[in-house]
Each structure stands twice: as structure tokens, then as C-alpha cells.
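Below is one structure, written out as C-alpha cells, with a few remarks after it.
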Amino acid sequence: MSILKSREAVLALAILALLALIASRFPAFVTPANLARVLTDTSPLILLALGQMTVILTKCIDLSVAANLALCGMVAALLDGMGVPLAVILPAVIAMGAALGAVNGLLVWKLGIPSIVVTLGTMTIYRGTIFLLTNGAWINAHQLSDTFKALPRAEMLGLPVMAWIMIVAVLLVGLAVARLPLGRALYAVGGNPHAAGYAGISVGRTQFAAFVLAGALAGLTGYLWIARYAVAYVDIAGGFELDVVAACVIGGIAIAGGAGTVAGAVMGALFLGIIKNALPVVGISPFWQMAISGSAILIAIAVNTLARRAPGRIILKREEAAA
Amino acid sequence: MQPDPVLSLRGIVKTFPGVRALDGVRLDLFPGQVTALIGENGAGKSTIVKVLTGIYQPDGGQILLDGQPVTFPDAQSAHCAGVTAIHQETVLFDELTVAENIFIGHAPRTRWGLIDRRAMRARAEKILRGIGADIPAGAKLRDLGIASRHLVAIARALSVDARVVIMDEPTAALSHKEIAELYELVETLKRQGKAILFISHKFDEIFRIADRWTVFRDGTFVGEGEMAGTEEAELVRLMVGRSVDQIYPKRPAQIGDPVLTVAGYSHPTEFEDITFTLHAGEILGFYGLVGAGRSEVMQALFGITRPSKGACRIDGQVRVLRSTAQAVDAGIVYVPEDRGAQGAVKGLPIFQNVTLPSLARTGRAGFLRLAEEFKLARDYTQRLDLRAASLDQDIALLSGGNQQKVVIAKWLATRPRVIILDEPTKGIDIGSKAAVHDFMSELAGQGLAVIMVSSEIPEVLGMSDRVIVMREGRIAGEFAGDRMTPENLVRAAVGIDRKEAA
Amino acid sequence: QDEPVRIALVAKALGIGFFEAAAKGAEEAAAELGDVEIIYTGPTDTTAEGQIEVLNSLIAQRVDAIAVSANDTDALVPTLKRAMDRGITVISWDSGVAPEGREMHLNPSSAPLIGNTIIKLAADHLPEGGQVAVLSATSTSTNQNTWIEEMQKVMGDYPNIEVVATVYGDDLADKSYREAQGLMQSYPDLDAIIAPTSVGIVAAAQAVTDAGKVGEVNVTGLGLPSEMAGHVKSGASQSFAIWNPIDLGYSATMIAHALATDEATAEPGATIQIGRMGEVTLDENGEAAMADPFTYDASNIDEFSSIF
Amino acid sequence: MTATARQIPDRLTSPAARALKSWESLLLVVAVAIFLLNTMASPYFLDPWNLSDATFNFTEKAMIAFAMAMLIVAGEIDLSVGAIIALASTAMGMAMSLGAGTPLIVLAGLGTGLLCGAFNGALVAGLGLPSIVVTIGTMSLFRGISYIVLGDTAFTGYPAGFAWFGQGYVFWVITVELVIFTFAAVVFGTLLHRTSFGRMVYAIGNNPVAARFSGIRVDRIRFILFLLTGLMSGVAAVCLTSRLGSTRPSIAAGFELEVVTIVVLGGVSILGGSGTILGVVLAAIVMGLVTFGLGLLNVPGIVMSIVVGALLIGVIAIPRLISKLRT
Ligand SMILES: Nc1ncnc2c1ncn2[C@@H]1O[C@H](COP(=O)(O)OP(=O)(O)OP(=O)(O)O)[C@@H](O)[C@H]1O
Ligand SMILES: Nc1ncnc2c1ncn2[C@@H]1O[C@H](COP(=O)(O)OP(=O)(O)OP(=O)(O)O)[C@@H](O)[C@H]1O
Ligand SMILES: [Mg+2]
Ligand SMILES: [Mg+2]
């Protein structure tokens, strides 16, 4: 009973039901190999959803994650073209993503500009910067070195490294959110910003930290994305920011801040990822896909929000309880 | 003989844009003693608390701890210095557990820098047990009731090894059972040699637990002394700058015909079978412990929540109230308990706050007429003796008491038949309180039917013609005339009769 | 006349290798003609609205000619009509606009020929017959749709080949990749993927490589030698075709110049000289075809991969 | 007790003095500066026909921005406006293919806009769901329905009379769209600033709970605001469809963020409770001038968007930075 009450459990059931539904039309979808593929494909969404979750927890939103990803990915590709070894590229793009996130964070923290405005602006600036870097040119598979392309697809224990990186990130973020003072501060800041100040938690600094984390994850994902799809151009992951927000919302992260879990974010992303991967496979016309994922988002929001609604204070005691 | 103060403030100055909240005040706190800080609304009491706990930085002056000057650049450092506070606002977080709420900001850590959840939980349980609270440390705060939350806030203040404990209006939201427990806690702390700063507007409790007093007025220090041998009237005079003679100026009113008749109002979870009649010119008091469901009933009458059963008649006509707009049309208005969230529309100027429910009257064909709005706002705010720089000033810039006046003005301007005042004087200083009471009497005298929800017995007894007591969502008794005694009210409110019968 | 003839070459979107190469060809034509200024521009992403804003600013600058590769056959028509009303020569190339919106359209090749080529490329490597699927660009891109239509018309010539699906990768690398993966998943016996788009073909080749199906699934269609070189060598793609985009940009510029300077008029049956490419003749729809598509495979890829 | 009553003045600063220090005056200065810069930068800028063409860069987005501004003042947001345009345009195409004339086609567009607005409104005001995520969902849903209807085809061949909305001129260089834009500005300006409805919108934006406790029908007003946004998206759909002369499901992609950018640049607080229609008008003009001026210099669109992004942050950040440095 109390298990059913948890949003995460409901979501897990929904995912299982979805898989069962797909399997009934297309059994091959649920083979372990294919599920591993879906997991790998969904890794970028999960990675970004982790960062977005921390940002949303603090009552902010980051619309610039996809642009950040694209810019970092392009820089990774350019560095690779210059012969920089991967061991240097990887920390460099993560740092760069974090720095771009820090720009958002600083504008929110120090100038108090609402995050939606800040990231709406930096979103176009970051993406435009890619154009300025390359004059719009694409970087194609043959221009990327083999080691650069190989890392995310190399397999370990049956799963590509890309998926392993995602899993490690989920565990690390999960641990940080549950066990680091900063992680707990995310909830405090989002749940009651006024009170957070009284508890000695700086609202701005916590939001800044969330933006930096989201940025670092976007930077990492930028490299993974470019290496996986072996092409870099201005429009990489265009519009992906809304998918990321949708994943968080489906995962039960309250858009008003202060409530939500890492497990929820991961499952929200998986839910979207499975739908996106399954629709082409089960032979649903491509023209139906958009409407179907839109409906899925709406249903998820309705279920999440209505379930969270406070059940009232219940002043009246039931007679037997009082006796 | 007086020990040396643990903590002394000298010449503290704090200014906000446009307001000098503290102007060179001093304050001394002594070990094992309770110092009461007294002052009108906006005198600067909460501001000094925030200066002491590192939330605000003073613009001038000195904080001396054991005679040594210290600074508290943030809440953490005040904590470390052993200064802890139960703030006027709740400092709790719904999505965190009880233990986390108690320790947020100073949680015990493991070697790896992670939060040591086991240690945190054990310590939280110990503190909770110490204050007699039976609350599981692992529960999420959002699952707790109001009283438990308050205990968590207290536990939080005790979670550091404090030398100075500050309590800013800790009893404002408590009923007298919890208040009694709080007094015991204060005694324990005193015995442990802690210095306590106690802020309250209620003189009975100040006289009961404080050893010393300090009075602020308009951000300045006006005096201090020993509680023993001090008269209430003297404190009031220091505080207000004049004497307040009559606190409950209830004038006998002409009670007229029934205006509002409520029959069998019920709600699935909040209240049941609420039945009463209200007459023109009458002040009907609603007493009960906090959480008895009085506000819930009033909000149902005002169309906020929908009753599942029951009927409501106004002037004999059955009215179905599905929205606040319908309630206002029917002539019922409600001055809410939660001024900040439900009363004032902060961000809008005073005059717009006043005319909000009367726009149909001040405007024409849906278009605004500013001149009419200013006229209406001026009429009613001046009758309530509002203190404001101008009518197009943002209401958020007013002190709490003055905001309350604007909210009352807003409703009077609709010329209602019934006005419901929910805790109209909660957190209001003694001078403003008298003004509100005075005004309530005047309204009743003019034939308005008034419902006053209050948790303060003297106020209920002093102002009401009749009192209804609620307990756990039901009417527990109705008292008028000679039967309106403190004993009867309290018995009904806590259900002593039932217990004795069982 | 002192002022140079200003010819605007409008791409579907900036940054795509194919159009960048065409721009090179346009510059080549300009150098040959002398006294010609090329304005190479386009929207950031492949939308009609973006292209209209670009066209508006070109109209405002009173360029002499506009040569556009359209993101939408119909949506550009009103704007291009306005351009023509203001005395600007308008032609379309690569991806056409409806006849009311331009004076003529330069097809890179004839649509039937392309339609036949793409299926032939697949069929040539499937002597026993088999299943093929089409990975297109957006569902709204005119040229893709025409080619696929033409391909369907000649399917009778390849009785053993079955087209099992048409999917859309929207000219986005990741979406195309996922769609290609989906195809291999849904049709385990798939023998070839035909992607008549330079973005799609690369993504599909990558997907086939990643799925370890090199040799099983042959990727073919239309692509750029520079982008496909690696995949041809790896065997993910046996062969693919394309016309030379440099030539296309060159020809479009030549035609735009001829029409703008009234050296030629655009009417059915008219013949227009296009420098080193010879001449084209307009059909009754005002369309002309530049040249046949050219097939690239392991034997010639290195020669071209450094050019475009 | 009236004996002690003191006089409280109505105002301390005159409305004129306030206006001078307002966001709108700042925007006006920015607009004039950009106008002068453009005049210097390109010889083609100061030409009535070119300026008239330039208005197309913002008129449709601005029409929606007015309704969106009211919605944002009330503390809500609608990210589905671009998708509503697509669906409304599809409905118009269907009406046309069923043989409807221009008036019916227009009605189909406006009606669809209203329906979409009602759907959003019902989810937000009726069920109490957060608008930002609801409209992220309906954004996919509405456009998705367009894709289901149209697939890879397009509606073309709208009647000649229909072209008037997006391509017609009322007088000399004054386009029909510009007239609709101006009319919408006046109507929304009046609605927000001169009526009780507008006042209630501000009240809701500042404190929805207190607004409800003041007898305002908060949910009904929210619903109406979504209806208005849907309606204006329908109007924009009519104009855009007429201007393009055709309908595809990808029409108006990315409009929502540009509309929100105009609104925010116009000084409307994204947190609700403040902002003016005049600000939105000026912001639309500033955006139009920037994009058109840079377009004349053949600057790629993405570079323009950098400029717009920087403008958005800069215009908000610089005053704050200055006041921060002062203290
Ligand atoms: N953050 C702030 N910004 C501006 N003014 C403030 C701020 N905090 C307090 N003030 C002003 O400072 C003065 C003192 O406020 P304070 O909260 O200390 O009063 P108080 O004595 O605690 O009153 P109450 O009894 O109502 O709690 C008031 O005039 C208040 O309006
Ligand atoms: N479980 C709870 N969680 C959060 N807040 C609560 C809870 N119970 C009560 N409160 C708050 O405490 C205050 C008093 O509670 P409530 O209004 O229910 O008491 P009441 O008996 O109706 O009347 P009164 O207003 O006289 O206290 C209100 O502001 C209410 O919002
Ligand atoms: Mg206070
Ligand atoms: Mg109450």
C-alpha cells in the first residue's frame, strides 16, 4: 500500500507496463541486447535530466543545457581535430560545461535574474557561439579520430561505456544528493528559500552549485553525443532542453522546486527514452510520434500533480480512532 | 547580585532602504535568566534576532560575547558561537526528514565528508525525547501536524550546544497545552544556565516566565529592568509612548434580527454538523485550540472550501457559496488569519488592495476610474487610522499591523452584512490591538454581524456577546452570559467533560 | 554599368557541406563572369520562416538575382513573387519552389534519373533480391519526396527488391541514427538502407557500423564523398551517388546572371548557356536538369573526397 | 476615533516622473539608438518599403506576445503557441480543402486557436496543473495532431482573397498585419491597464491566494487568459498562413521562445505581477529592428540570435549591476 504511494514505484510500474505493451506487439524489443541499446540511447537524456533535476529542485530551470551540450561537443570535436589526446579533451569539456553553467549560476546568484530569463538568453548565445567557432561547418565522422569515436561504444560487461558512464554519474549524483550537505541544501533551498537563509544555507550559492553541476554533466554529454553520432554541427540536440524538462516532470520532480528524487528523474528519462525508441520500432507512423509523446507527458503531469495534492489536514477523527 | 552578561549588544544600527529598523540599541542577556524583549509591531525585535543569528549584518555597533567583540558573518558562525533561535517564521522544510530538519546546516559528518545519517538520527531522537516529543526522527516533515512541527523547530534550536536561546513569539501559534509545555522547557533551560531572550506580545506570559525586560520603541532602546516590581502599565507606557487604558472596549450593542443561519455544515475530513445563528449587531466569538477547525469552517462560509452537506441562509434566503465572489455578493467577507499569504496582495499599492473586491463599484462598465478608487481607499483607510506615506505605496512596505488595517478596510468598503475576523489581533501589538477592538465594537454598533475567531481567552471573553467553542471539527459548546467563563471555555475546548465521563 | 551584378545564393541552411561546396562553385562562376558579387546566405535551420526573413533582407538590399534552394515548395512563393515584382530575378536550384514563385528551376539532375539511380545502387549489390528501406530527410522536403516517388515508379524493373519502409530522420544526425537503428531492429532481414540525403546516409552508415552489420546491410543513396569516404572504406557503404555540388552552384549562378542581365529569358524551350557545363534547356514547367548523378565507390572515392 | 485620522496623500511621485524612470523609457532609448545605428550601417534601411517588409519580422510574434504578456503577468506561461499556430493553420487548410471560403477559413483558424487555449486553460485552471509543463506537453500534442493530419503533405491553394491578411496593404506601405498588430496593442493595452479585468490579472500575478481571498474568480480569469492566448495564436496563424500561402506541420517552429523573449525584453516580470503592454510593443520593435538591421548586413540568423540573447540578459543585468556597484 505504502509502496504504491511512492511516485517512483508508480513510475516503475508504468515503465514495466509500457514495456509489456511494446513486447506484445514486438517481442524483440525486450531482449536484453535491445534493452541495453535503449539504455545506451537514453543515456544523454538521463545525464542531462540528473543535472536539470538538481536545478529544478532549487526552484530554477536551465533551458541552456542542450546548447551547452552542443557547444562543448563541438569544442571536443575541434580539440580532437587539433590532435589533443582524449585524456585531455574529456576533463576539458567537463570543465568547460561547468564554466558555462557557472555563467548561468552567477547571473542568477549575483544579479538575481530569474533563471528562465538567464538561460533563455545563454541558450541562444551558447548555440550562436558554435556557429562563430566553425562558421557553421559540420565536423564529420572522417574528421574525428578513431579513439575519440571509440570510447562511448567500447563494450564492458555487455554494456557500452556510454551507459556505464551514465550509471556511474547516476550513482555519484544520487550519493551527493542524499548524503552531502549540499545535496540536502538543494531541497531546503527549493522547499523554503526564506527559511534556508535562516538555516545558514545560501540560496544563491546552492543554485549556483546546481547550475555548475548541470553544466558539467552537459559538457560530459556533449563529448559522448558527438562521439556516439560521429558528427558535430550547430544544431546538435536542438530543442533537447524541453525533452529534459519533460523527463524530470514525468519523473515527479516538482517544477516549483524542493521535491523529487534521482530515481524519479532517471525513470522519467527512461520512460521518454523507451517511448522514443519504441515508436519507430513497433511500426507506428512517424507522424503519430509527436502527438503520442505529448499525450504521455500530459498524462504523467496530471497523475503526478494530482497524486501530490495535499489530502487535507483531517481534523475530524474517525470515531473508532477516537475511542 | 547580577552575573556578567553572556551576550551584550551595544549601539547596534541596522537600516533597510527607507527604514532605520534599529538605531543604536543595546541589549544584555544573562546566564540562567529569561530576558523579555517588548515592543510594538515594527519596533525592531525580529531584526535584532536576525542580527544576533548572523542573518543580517549590522551597519554599526558591537556584539560582545563574554565581553569579547565578535561578528557573525552568517548563520553558521552564530551557531558555532552557541547562539540559537526559534524564529518568528518557520524555518522548516517539508521534503526533509525530522532529523534533517533539526540538523540542516550542521549535520554530523563521516570521515568521507558525507552526512552521518545514523549519528544524526540518534542525536535527533535524543533531543526530541529530551523535550518530551514523541516524533519519529525518520518521518518526513510534511507528514507532521502543526504542533509536532513546532516541536521540531524547538528541537532544532536545541540541537546546538547553545549558550543563548532566542524565542521570537514562540507561542503565537500554540494552544495553551503546548504553551504550558514550552514554559517547562524554558525552566529547564534556565536551570542549565542558558541565557534566554523571549519575545512576546502577551503580557501574561511575559510576567509568568521572564526575569528581566528590555523595551524597544521604533528601533530605539527605551529601557530595561527587573521583572519583579514592574507594573504592566509601566511597560505598556514605555512601549507605546502613551498609556493604553481600556483594552477591551466592548460597548453594549443593539442585537437585531438573525442575519446568518448555518445549519448542519459538514466537510468529509475537516468539520461536521456546524449549526449556529448570527444576529445583526452581535459579536460571536469562536474559541478553540489551534487546529480545532475554526478557520476551516470560516473558509467554507466564505466559499473557499466547499461543504459536503448543510445549508446557509442570509437574511432568510438560502445562498449557495461556491466561490469567494459569491460570498462577497451575498455580503459575507473574511479577514484571514494568514495576513502575508491570504490577506495582502503584496506588489500592489494600498489603494488597489482596498478596491480589489469593489472594482465593480468604483469602475464603470468594466473600466477603471482611478479617482473613485482613491476616494474609496482614502475614506476607509483613514477611518482605520492607517499609517502610510501615500496611498500608492506598495502594501508590502507597511508593518504587519498596518497591513491588517488595509485588509479590513478592503472588506468594509464592500459594505458587508457579515464580517468574519480570523485571529484579528494575532501578532499585533497592544496599541493596535486596542484600535482593532475599538473598531469591532463600532462596527457591531452600526448593525454589522461580526464573527471573531480567537485563541486568546481574554479577548474572546472581552469582546464577544456569545461564544461557540470548537473541538476537533465539531461544536463543543455554546456559552453566553454567566456561563461565559474561562473554565467553561477551556473545558469544552480540550474535552475534559468527555474524559471525566469515560 | 559600374555596379556589380549582385547574386544571392540562398542555402537551405548554413553550414551544410553540400551548400558550402555549391557556394564555392558560385564564386568560381563569379570570377569567370567578372563584375559579379555573390552573397551566400541562408537561415540557421531548415525552416521556411527563417528563409523568408533572409529573403526579405535580400529584397531590401535590391540584389539583382536570388537563387534559392527551398525549404518549402509553397511557403516561399509569396515572398519570392514580391521579389520578382520588385524586379529581382528569382530562380530555384536543388530543392525547387512552385512555378509561380520563380522564373526557372535548376534540377541537379532529372528526378526520374535520380529515382532510378538510388534504387539501382541498392539493387546492384543484391543480385538475389531482398528488403530495402528508405531513410529520408524531413517529411516536407520537396526533392526527397520527388525522388522517392520516382523510385517507386520504377520498382517494377526490380521485381525481387521490396521496399519495406520509409522513415524520416529530419536531416538531424541523431534522429537519423535512431531511425536507422529502428529499421534494423524492425526488419532483421534488411539488406539495404537508401538514404537520399547527405545527413541521413552518414548517420545510417554509422548506425550500421555500430550495430556490427557491416556487410549485412548496405547503406547507399546520395552523399558527399568527403563525408562518406570512411564508410566506403569500412564497407558500410558499397557505393553511393551524387552530382557535383560545385557544378550545381556554378550553374545556378551562371543561369541567374544570364537572366538578370537579360542575356536569356526563362520560357519553356529556352536554352541557357552555363559556361563550362555547357547548356540547359527548360521544359514546359520551366525546369532544367544539370547533369547525371555520378556514382562513387571504393575505386574512385579518394580522388573526390578531398574536393567536396 | 476619527478624531485622530490623518490625511494620507494619494501619491508622492507623479505618474509622469515615474514614467521617465521606467523600463519603457529605457527601451525607447534602445530602440532609437538601434534605429540610428541601422540608418548609418546600411543605405537600404531608410526606405519605407523596406521598413514595411521589416515589420513582418515581428508582427505575428508580437500579436501573441500581447496575450502572452497578460498570461505572464498573471504568473502563468504558454509554451504551446507555436504548436497552436500549426494546428490552427492545419484546420484552416482542412476547411479550405472542404471548399470553405475565406471567412470560414479564418473562422476555422480562430476557432481552433480558441479550442487549444481552452484545452490548456482547462488543464491549468481546471485541474490546477503547472502551466509550464502542461504547455510543454500540449506543444507536442497540438503539433503532433498537425503531423497526423498532414503527414508529409501540405495544404496549398488558399483562395486569392485569403492572401490579404498576410500579404495585403491597407494604405501605401501599411500592411494589414501592421494594422492588426496596432489594433491588438491598443485592445490589450486597454484591457490590461484600464479595466477591472486587468487589475485582477495583476492581483493574481502578485499573490494568487490573496486574490482568491479577495473575491476574485482566479481560475476563471486564468482560463480566459489562456483562451485569449489561444485566440491570438489563431490570429497569428491566419496571418502567417496567409503570408506563406500554404500549411505544413512544421510551420511556426520555435515561435514560443521568441514570443517569450519579446515579452521578457518588454519588462514583464517572468515571475508575474508586473509589466506593461507598451513595453512589449517597444520590445517587439527593438527585436524587429535588430534582426532586420543585421539581416541587411547579411549577418547569419544565428549571430542575430546571439545579439538578441545578449540584449535580453544585458538589458536586465546592466541596471542591476549598476545598482549593485553603487552600494
Ligand atoms: N528585510 C527588510 N526590508 C525592509 N524593511 C524591513 C525588513 N525587515 C524588517 N524591516 C522593517 O524594520 C522594522 C522592524 O521590523 P521587525 O520585524 O524587527 O519588527 P518586530 O519588532 O519584530 O515586529 P513584530 O512584532 O510585528 O514581529 C519594520 O519597520 C519593518 O518594516
Ligand atoms: N497540519 C498542519 N500543517 C500545516 N499548517 C497547519 C497544520 N495545522 C494547522 N496549520 C496552520 O496553523 C494555523 C492554525 O490552524 P487552524 O487554522 O486549523 O486552526 P483553527 O482551529 O482552524 O483556528 P485558528 O485559526 O484559531 O487556529 C493555520 O495557519 C494553519 O494553516
Ligand atoms: Mg517580529
Ligand atoms: Mg485558523
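Of the candidates B:Leu321, B:Leu289, the single residue that is more than 9 Å from chain D (Cβ to nearest Cβ) and either out of contact with any helix residue (DSSP H, G or I) (no Cβ under 9 Å at 6 or more places or on another chain) or more than 8 Å from ligand 2 (Cβ to nearest atom) (or both) is B:Leu321. Look at (1) open to solvent by 10 Å² or more (accessible area, probe 1.4 Å); (2) within 14 Å of chain C (Cβ to nearest Cβ); (3) part of a helix (DSSP H, G or I) and you find that D:Thr241 fails only one, number (1). Looking at B:Gly145, B:Gly132, just one residue is more than 24 Å from B:Gln192 (Cα to Cα) and surrounded by fewer than 17 Cβ atoms within 10 Å (Cβ to Cβ), and that residue is B:Gly145. Could you tell me whether segment B:454-463 includes any residue that is open to solvent by less than 10 Å² (accessible area, probe 1.4 Å), in a loop (DSSP other than H, G, I, E, B) and either away from ligand 4 (no atom under 16 Å from the Cβ) or of a type in the set (Ser, Thr, Tyr) (or both)? Checking segment B:454-463: at least one residue is open to solvent by less than 10 Å² (accessible area, probe 1.4 Å), in a loop (DSSP other than H, G, I, E, B) and either away from ligand 4 (no atom under 16 Å from the Cβ) or of a type in the set (Ser, Thr, Tyr) (or both).
Would you confirm, using the coordinates I've provided, whether B:Ile395 is within 14 Å of another protein chain (Cβ to nearest Cβ), of a type in the set (Val, Ile, Thr) and either under 15 Å from the mean Cα position of the chain (by Cα) or away from ligand 4 (no atom under 16 Å from the Cβ) (or both)?
yes
Can you say whether B:Asp28 is touching a residue at least 40 places away in the same chain (Cβ under 8 Å), on the phi < 0 side of the Ramachandran plot and acidic (Asp, Glu), as far as the supplied structure shows? The answer is yes for B:Asp28. Here D:Trp23 fulfils each of the conditions (1) open to solvent by 40 Å² or more (accessible area, probe 1.4 Å); (2) touching a Ser or Thr at 6+ places or on another chain (Cβ under 6 Å); (3) in contact (Cβ under 8 Å) with a residue 12 or more places away in the chain apart from (2). Selection of helices (runs of 4 or more DSSP H) fully inside segment A:61-179 by the criterion of at least 2 residues being basic (Lys, Arg), closer than 17 Å to A:Ala232 by Cβ and open to solvent by 10 Å² or more (accessible area, probe 1.4 Å) returns A:146-153.
List the strands (runs of 3 or more DSSP E) inside segment B:219-331, counting only whole elements, that have at least 2 residues being more than 16 Å from ligand 1 (Cβ to nearest atom) and not assigned by TED's automatic domain parsing to the domain that holds B:Ile206. Before you say what the answer is, go through the steps one by one.
Details: elements: B:220-226, B:258-266, B:274-279, B:283-288, B:309-314.
Passing ranges, in order: B:258-266, B:274-279, B:283-288, B:309-314.
Please find, within segment B:65-92, the residue that is surrounded by the fewest Cβ atoms within 10 Å (Cβ to Cβ) out of those that are within 16 Å of ligand 3 (Cβ to nearest atom) and in a loop (DSSP other than H, G, I, E, B). Top of the filtered list is B:Glu89. If we scan segment C:132-140, do we find a residue that is open to solvent by 20 Å² or more (accessible area, probe 1.4 Å) and not in a strand (DSSP E or B)? Yes, that holds for at least one residue. Residues that are buried (at least 22 other Cβ atoms within 10 Å of the Cβ), charged (D, E, K, R) and out of contact with any strand residue (DSSP E or B) (no Cβ under 7 Å at 6 or more places or on another chain) within segment C:179-214 comprise just one, C:Asp210. For B:Ala327, are the conditions met, namely being surrounded by fewer than 19 Cβ atoms within 10 Å (Cβ to Cβ) and facing chain D (nearest Cβ under 8 Å)? No; evaluated as a whole, the condition is false for this residue. If the condition is being part of a loop (DSSP other than H, G, I, E, B), charged (D, E, K, R) and open to solvent by 40 Å² or more (accessible area, probe 1.4 Å), then segment B:345-403 contributes B:Lys346, B:Arg369, B:Arg387. Residue count for segment B:1-59 satisfying the condition of being within 11 Å of ligand 1 (Cβ to nearest atom) and either in a loop (DSSP other than H, G, I, E, B) or within 18 Å of B:Ser77 (Cβ to Cβ) (or both): 15.
For segment D:37-117, give me every one of the helices (runs of 4 or more DSSP H) that falls completely inside it and has 2 or more residues that are open to solvent by 10 Å² or more (accessible area, probe 1.4 Å). I'd like the intermediate steps shown before the answer.
Details: elements: D:48-54, D:59-73, D:81-97.
Where helices (runs of 4 or more DSSP H) fall fully within segment D:37-117 and carry at least 2 residues being open to solvent by 10 Å² or more (accessible area, probe 1.4 Å), they are D:48-54, D:81-97.
Does C:Gly50 satisfy the condition of being within 14 Å of chain A (Cβ to nearest Cβ) and either at positive phi or in contact with a Ser or Thr (Cβ under 6 Å, 6 or more places away or on another chain) (or both)? In short, no.
Conditions tested, residue by residue: (1) in contact (Cβ under 8 Å) with a residue 60 or more places away in the chain; (2) within 15 Å of ligand 2 (Cβ to nearest atom); (3) farther than 11 Å from B:Thr97 by Cβ.
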{"position": "B:Arg121", "(1), (2), (3)": "no, no, no"}
{"position": "B:Lys126", "(1), (2), (3)": "no, no, yes"}
{"position": "B:Arg129", "(1), (2), (3)": "no, no, yes"}
{"position": "B:Ala139", "(1), (2), (3)": "no, yes, no"}
{"position": "B:Leu151", "(1), (2), (3)": "no, yes, yes"}
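Of D:Ser246, D:Ser269, all but one fail to be within 13 Å of chain C (Cβ to nearest Cβ) and either more than 19 Å from the chain's Cα centre (by Cα) or open to solvent by 20 Å² or more (accessible area, probe 1.4 Å) (or both); the exception is D:Ser246.
Of all residues in segment B:398-412, exactly one satisfies the criterion of being under 15 Å from the mean Cα position of the chain (by Cα) and within 16 Å of ligand 4 (Cβ to nearest atom), namely B:Gln404.
The values are calculated or read from the model by the stated rules, or taken from the named source; none is laboratory data. Here the structure is a predicted model, which means the values were calculated and not measured. Every residue, glycine as well, gets a Cβ built from its backbone with ideal geometry; the counts of neighbours run over all protein chains shown. These area figures cover heavy atoms from the full protein model, side chains too; ligands, DNA and RNA do not enter into them. Shrake-Rupley method; radii C 1.70, N 1.55, O 1.52, S 1.80 Å.
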